[in-house]
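Enquirer: If you scroll down you'll find the structure; I have some questions about it.
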6 protein chains.
Amino acid sequence: GEVFDKEIYQDNSLAGVVTGLAWTSVGGEILFIEASISRGKGKLTLSGQLGDVMKESAMTAISYLKSQAESLNIDHRVFDQYDLHIHVPAGAVPKDGPSAGITMLTAIASVYTQRKVRSRLAMTGEITLRGKVMPVGGIKEKILAAKRAGIDDIILCKRNMRDIEEIDESYLKGVQFHFVDHVSEVLDIALLKETVAHPVKFTFDNEASKSREN
Amino acid sequence: GEVFDKEIYQDNSLAGVVTGLAWTSVGGEILFIEASISRGKGKLTLSGQLGDVMKESAMTAISYLKSQAESLNIDHRVFDQYDLHIHVPAGAVPKDGPSAGITMLTAIASVYTQRKVRSRLAMTGEITLRGKVMPVGGIKEKILAAKRAGIDDIILCKRNMRDIEEIDESYLKGVQFHFVDHVSEVLDIALLKETVAHPVKFTFDNEASKSREN
Amino acid sequence: GEVFDKEIYQDNSLAGVVTGLAWTSVGGEILFIEASISRGKGKLTLSGQLGDVMKESAMTAISYLKSQAESLNIDHRVFDQYDLHIHVPAGAVPKDGPSAGITMLTAIASVYTQRKVRSRLAMTGEITLRGKVMPVGGIKEKILAAKRAGIDDIILCKRNMRDIEEIDESYLKGVQFHFVDHVSEVLDIALLKETVAHPVKFTFDNEASKSREN
Amino acid sequence: GEVFDKEIYQDNSLAGVVTGLAWTSVGGEILFIEASISRGKGKLTLSGQLGDVMKESAMTAISYLKSQAESLNIDHRVFDQYDLHIHVPAGAVPKDGPSAGITMLTAIASVYTQRKVRSRLAMTGEITLRGKVMPVGGIKEKILAAKRAGIDDIILCKRNMRDIEEIDESYLKGVQFHFVDHVSEVLDIALLKETVAHPVKFTFDNEASKSREN
Amino acid sequence: GEVFDKEIYQDNSLAGVVTGLAWTSVGGEILFIEASISRGKGKLTLSGQLGDVMKESAMTAISYLKSQAESLNIDHRVFDQYDLHIHVPAGAVPKDGPSAGITMLTAIASVYTQRKVRSRLAMTGEITLRGKVMPVGGIKEKILAAKRAGIDDIILCKRNMRDIEEIDESYLKGVQFHFVDHVSEVLDIALLKETVAHPVKFTFDNEASKSREN
Amino acid sequence: GEVFDKEIYQDNSLAGVVTGLAWTSVGGEILFIEASISRGKGKLTLSGQLGDVMKESAMTAISYLKSQAESLNIDHRVFDQYDLHIHVPAGAVPKDGPSAGITMLTAIASVYTQRKVRSRLAMTGEITLRGKVMPVGGIKEKILAAKRAGIDDIILCKRNMRDIEEIDESYLKGVQFHFVDHVSEVLDIALLKETVAHPVKFTFDNEASKSREN
Ligand SMILES: [Ca+2]
Ligand SMILES: [Ca+2]
Ligand SMILES: [Ca+2]
Ligand SMILES: [Ca+2]
Ligand SMILES: [Ca+2]
Ligand SMILES: [Ca+2]
Ligand SMILES: [Ca+2]
Ligand SMILES: [Ca+2]
Ligand SMILES: [Ca+2]
Ligand SMILES: [Ca+2]
Ligand SMILES: [Ca+2]
Ligand SMILES: [Ca+2]
């Protein structure tokens, strides 16, 4: 029954790694979204046998962050002068669906800002291009998996509140839920103010960063 | 029976978001076309599991707007110096067909002009490259869905008038219909003169915007 | 039985729109080829669910026009500095075959020259790269459809004359036939000397238009 | 039974048009290879529903001509500064196989040199990258088709001589055969010294044609 | 039963060649990952009939090394100014799966640093983008194959320790196991401080290596 | 039974043409690998209906030669400023497998060095990226085909020696075998010191060949 990477929550020492919640026919599991950057030309690489819907979620997350770069203190040149790679272990397990949307968005925001991700946090929810968070399925199984993995905080779409109400309260003890409507709320909860230790020091090509005027 | 995003009409605070009407075997629904831009090189991204016909509708809408940029007060450099992303939630639901043509065109026009979209407005109709609006199917189901969602104004092709006449009048109460032949009429009805709050401030690369002469 | 856009002939106020004749298992229909240009880099977009043969017809038409640009008074820079979009409504109807060759060629020639297209004219015929016009099928059904749509002039390949002879004369009344061997004859008949109202004013990038010498 | 373009030999007034011989289950036919150039960046377009093997033949022909440009008096800049289109009517008929190799090579050589093609000449034979001519099938049917079409001279591979010997001599009357081993012999026979009337006047971009040294 | 290249361990005279362990239905085998570089533009070539998962492993390995280039003393310009080719013999045998992750990462690190690979070493383990090493299957068969091939040291994921405990100790004699959590440990064990004889002398294009600032 | 080009060995007057040995269900045959270059930008073209494995062999051969350019006296600029085409007649016969590896490598080395290929020589063997030669199948049939074709020298992998020992000695008379481990041995045997008559005179673009420093 091991579909995703079954181990417990790990740590938040690295920027760009966020814990998601997956749901398969054999139950819930936590999974890790890993985002990494390196100097380049804005190339995007997706790996981990991601399906079409999940790839589109990643692209939607990136477009949202690009259009909100200023308010997130992200230098816009990073999108053209760094390559971005998003990987979802385990490498041989096919994955699809929109429910990793907020998790991918948070991982990308963390790697571009080098801000630390809140510890023992997991999340699940679809995103839209304007930043709405939409409800997803498998909530009960996902919550059980999060508890087994040692998660303390879970972010869900407000419209998934009804799914929580159907779960026996004993299963919910010790987990704090954060119900959100918009990804700005997700980032407020998930990204700490402090940067990770040894953050990437972004550098930019002078010539390419010439001024634009209106 | 939830195929598209079933909630009610939302609001018109953002540029680039327009309400469309969809029709499936289980009835009508409203759907949202979301258009977003960010500094770039004119790349187009389409997401939301769109089929070939719907992707071609988007390309036709863009070509129409490019050829009419001047009359719409769109600076032509925006097409080369900004990337455009069009997303149609829900992300996992396959969508196809030409009937979102006028909705996509309006969303793109709104995001490039930053003009506000009329509130509580929905629309459905195919476009052609010269701007003609063509009739589409499922009118009855779409109208019922629009009413459920709180829509006040609906734009339809003139050639869909006959479909309206077959609907019992009690279903039509409280909705105003706008029958059009051409997308210029659609934009006149759908786009307000005022811009959204906090509009995108377009900036352009000096070097790339060198003059052209004839 | 509505396969293509069934309405009557429209008008010739726009450059780049030419009426073709299609033939399906349910009879003949008129269809419109729409060509549109906008500032760009010579990109070609084809839409309307066109099949491989029809796409190749479009490419053959473009190559012919490029090689004959001088004699048609087309500034060669237009091919590199403008994008071309060809759309064939209705957007959801798959279309294929070589018989729209002369219609596409005329639409493209009109949009590049901004010359008006003769009113109430329709045409059908395959083209080859050296400009030959070749015969096509479904002539009888196509002519009936043209008459229904209010067409006055029809251009056909000379080798389709035999097909006309088999049609009862009563069906041919009021339509004038133009039998041609070469696309230069097609353009002579189809393109008026006058330009459309409000023609596109072509502008060119100075740097890219540097002189070439032999 | 009309598979290819059934008419008779046409004329040799245009550069880049060469008569080939095809063989299908319903007999032999002549076909025309049309090559056309226009100012561009060295793009190659192939049309006429050509299969993989036939496309590779075209690429092999081009590579041969590029490597022999100097001896054929072709300015090497033409390969980078002009686009090449090869079309084989009829546009809707799928075609494949290597036997049009020498015909395509001759058409391309004619269009790049603007030399006239010998009148009433047809040919069939595979080429290899070093210029060898290899034997092909269907010789008897192809010869009958050539005769019907009014062809006077036929170029064949030397190793196809045995196929000729099996044909009744009455069928061969009035046709002169040229048996060759190498494409240089093909070009010597097929290309006249004179250029066509109104040859393309090649022009080159100064900047791109900078000198190379060893 | 010969699926991979069955011979014994070879030598470590070349940078970029690392011994992996594969497992098929007919037992374990050693295989060689070969990485090679040459001046270029950062192109990646993968060969040896690698499946999607294995290709993604290679891309993940490269992204990890790019993001850690500084700490590994790799000049970042090498990623843009050299091409990288990864080949896995035998060329006709399809291969897939994530278990060559650490082997590919080590081969690439060796070729970019020109550091010698520890002799008589083999390894198997999946990598993730943040450098975690994950457990893989077929451990018993892989170890037997390594012993037959003359391997002295084997690197495995810590979470594969339990698989070792189930193997009869007599099979383990003479092989030293290194259990790791992170690829930094893999590189510490596998890459010697010394470079190979006749290392590649990297050269860089001056213009392209212009400074970047923050 | 004619699968490949059945004629006898030809000659070695051209650089870039090397004789290989193929093996099909109907016996062995010789085949010719043809490599050709022309001024360009480093584009690679493969033709002759080559399968994936054979295409990867070609890419592996090229990468090996690029990484060994200096020791083979190949100016590295040739890889960026010349296009390479590899064709394997007959054009319509699908071919696959890794056994043409050393033949392709030798053909490419000959065309880049313009060195003559030893006359009446044939070879078969897989290559790896580090230059190892690996054994291949069908040795007996291949040797018989080589003898029929007038071949005097055959290069094989050392690990194919055992296959020779099983052949009746009468079949081996008059053929000299060269058993090798590494492609450097292949090139030593196959490439003569002298260049072909009328060798290509390589020229290079000054601007692009700017110096690199470390
Ligand atoms: Ca797991
Ligand atoms: Ca899909
Ligand atoms: Ca819904
Ligand atoms: Ca389709
Ligand atoms: Ca219609
Ligand atoms: Ca097709
Ligand atoms: Ca015919
Ligand atoms: Ca094929
Ligand atoms: Ca083996
Ligand atoms: Ca796969
Ligand atoms: Ca043969
Ligand atoms: Ca394959």
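The values are calculated or read from the model by the stated rules, or taken from the named source; none is laboratory data. Just so it is clear, the model here is predicted, and its values are computed rather than measured. Neighbour counts run over all protein chains shown; Cβ positions are idealised from the backbone, glycine included.
Enquirer: Can you list the strands (runs of 3 or more DSSP E) lying wholly within the stretch C:21-137 that have 2 or more residues being over 12 Å from the mean Cα position of the chain (by Cα) and not aromatic (Phe, Trp, Tyr)?
Expert: Answer list for the stretch C:21-137: C:27-39, C:44-47, C:82-87, C:115-117.
Enquirer: Name every residue in the stretch D:9-20 that is hydroxyl-bearing (Ser, Thr, Tyr), under 15 Å from the mean Cα position of the chain (by Cα) and surrounded by fewer than 24 Cβ atoms within 10 Å (Cβ to Cβ), in order of residue number.
Expert: Selection gives D:Tyr9 alone.
Each row is one residue, and each column tells you yes or no for (1) more than 19 Å from F:Val53 (Cβ to Cβ); (2) surrounded by 16 or more Cβ atoms within 10 Å (Cβ to Cβ); (3) not charged (D, E, K, R).
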site	(1), (2), (3)
F:Arg115	yes, yes, no
F:Thr128	no, yes, yes
F:Gly137	no, no, yes
F:Ile151	yes, yes, yes
F:Leu156	yes, yes, yes
F:Leu192	yes, no, yes
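Enquirer: Name the residues in the stretch B:152-174 that are assigned to a loop (DSSP other than H, G, I, E, B) and modelled with pLDDT of 95 or more, would you?
Expert: B:Asp152
Enquirer: I've got another one for you. Of the residues D:Lys142, D:Lys147, which is of a type outside the set (A, V, I, L, M), crowded, with 23+ Cβ neighbours inside 10 Å, over 13 Å from the mean Cα position of the chain (by Cα) and in a helix (DSSP H, G or I)?
Expert: Just one listed residue meets the conditions, D:Lys142.
Enquirer: Within the stretch D:25-74, how many residues are surrounded by fewer than 18 Cβ atoms within 10 Å (Cβ to Cβ), away from chain F (no Cβ under 13 Å) and in contact (Cβ under 8 Å) with a residue 40 or more places away in the chain?
Expert: 3
Enquirer: Still on this structure, I have one more. Would it be correct to say that C:Ser57 is within 16 Å of ligand 6 (Cβ to nearest atom), hydroxyl-bearing (Ser, Thr, Tyr) and at pLDDT 95 or above?
Expert: In short, yes.
Enquirer: Within the bounds of the stretch A:175-183, is there any residue that is within 14 Å of chain B (Cβ to nearest Cβ) and not in a loop (DSSP other than H, G, I, E, B)?
Expert: yes
Enquirer: Scanning for something in contact with a Leu (Cβ under 7 Å, 6 or more places away or on another chain) and within 23 Å of D:Asp11 (Cβ to Cβ), does the stretch C:144-164 turn up at least one residue?
Expert: Taking every residue of the stretch C:144-164 in turn, none turns out to be in contact with a Leu (Cβ under 7 Å, 6 or more places away or on another chain) and within 23 Å of D:Asp11 (Cβ to Cβ).
Enquirer: Return the residues of the stretch F:1-21 that are modelled with pLDDT of 95 or more and closer than 20 Å to D:Glu56 by Cβ; say none if nothing qualifies.
Expert: Step one: list which residues in the stretch F:1-21 are modelled with pLDDT of 95 or more, which gives F:15-21.
Those that are modelled with pLDDT of 95 or more and closer than 20 Å to D:Glu56 by Cβ: F:Gly16, F:Val17, F:Val18, F:Gly20.
Enquirer: Follow-up question, since we're still on this one. Looking only at the stretch E:105-139, which residues are under 12 Å from E:Leu72 (Cα atoms) and among the basic types (Lys, Arg)?
Expert: E:Arg115
Enquirer: Suppose we keep only residues that are in a strand (DSSP E or B) and facing chain B (nearest Cβ under 10 Å) within the stretch A:192-214. Which one would you say is modelled with the lowest pLDDT?
Expert: A:Glu213
Enquirer: Which numbered condition trips up A:Ser99, out of (1) away from ligand 3 (no atom under 16 Å from the Cβ); (2) touching a residue at least 12 places away in the same chain (Cβ under 8 Å)?
Expert: Status for A:Ser99: all satisfied but (1).
Enquirer: Quick one: would you say A:Val18 is more than 16 Å from ligand 3 (Cβ to nearest atom), away from chain B (no Cβ under 14 Å) and either hydroxyl-bearing (Ser, Thr, Tyr) or touching a residue at least 12 places away in the same chain (Cβ under 8 Å) (or both)?
Expert: yes
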